[in-house]
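Since every read-out is calculated from the coordinates, none of them should be taken as a lab result. In this text, all values refer to a predicted model and were calculated from it rather than measured experimentally.
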């Protein structure tokens with residue numbers, strides 16, 4: 001299929017998707033990007049956000065907390081730290097993710113390595129913003 005590419009999304013818990021997609025919006029750590037068939041080969045890290053997949057069968061969305069994406073022209077593989085279909089996300093799950101991010105931020109503030117404080121603060125802010133974005 002010339003207008004689609006193979007898309008695979010996996011997390012440590014399970015494989016969430018393996019399908020032909022026409023476009024995938026990726027929450028990249030350096031900014032959002034959209035991968036489409038024949039995209040230049042790219043590897044990017046993910047930030048917490050919504051990964052949106054457009055396929056001939058319809059659109060699907062996944063909450064991802066981090067990981068990386070590898071684009072290789074006719075294929076896109078996403079290895080997520082955590083990934084949950086948006087339709088399945090509950091307020092309780094989001095609260096747990098925010099609590100984990102808050103604990104990481106507090107640990108960074110109390111630790112000796114000051115270089116990770118900004119990263120932990122950004123993670124916490126991204127996780128809190130997801131709840132607002134998802135209206136949870």
- [ ] Could you state the angle between the C-alpha long axis of helix 117-133 and the longest principal axis of the C-alpha atoms of the chain, as a value from 0 to 90 degrees rounded to the nearest 10?
- [x] 60 degrees
Task: the chain: angle of helix 91-110 to the longest principal axis, Cα-based, in degrees nearest 10 - done: 50 degrees
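Once the Cα gyration tensor of the range 1-73 is found, what semi-axes does its equivalent ellipsoid get, as square roots of 5 times the eigenvalues, in whole Å, sorted largest first? Walk me through the intermediate numbers first.
Values: eigenvalues 63, 43, 24 Å².
Its equivalent ellipsoid spans semi-axes of 18, 15, 11 Å.
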Open item on the list: Running a GNM on the chain with Cα contacts under 10 Å, which residue among 28, 73, 111 ends up with the highest mean-square fluctuation?
Closed with: 111
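Report relative contact order for the chain in percent, whole number only (criteria: Cα-Cα under 8 Å, sequence separation at least 6).
21 percent
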TODO: Mind telling me which of 58, 66, 49 comes out most flexible in a GNM of the chain, alpha-carbon contacts under 10 Å?
DONE: 58
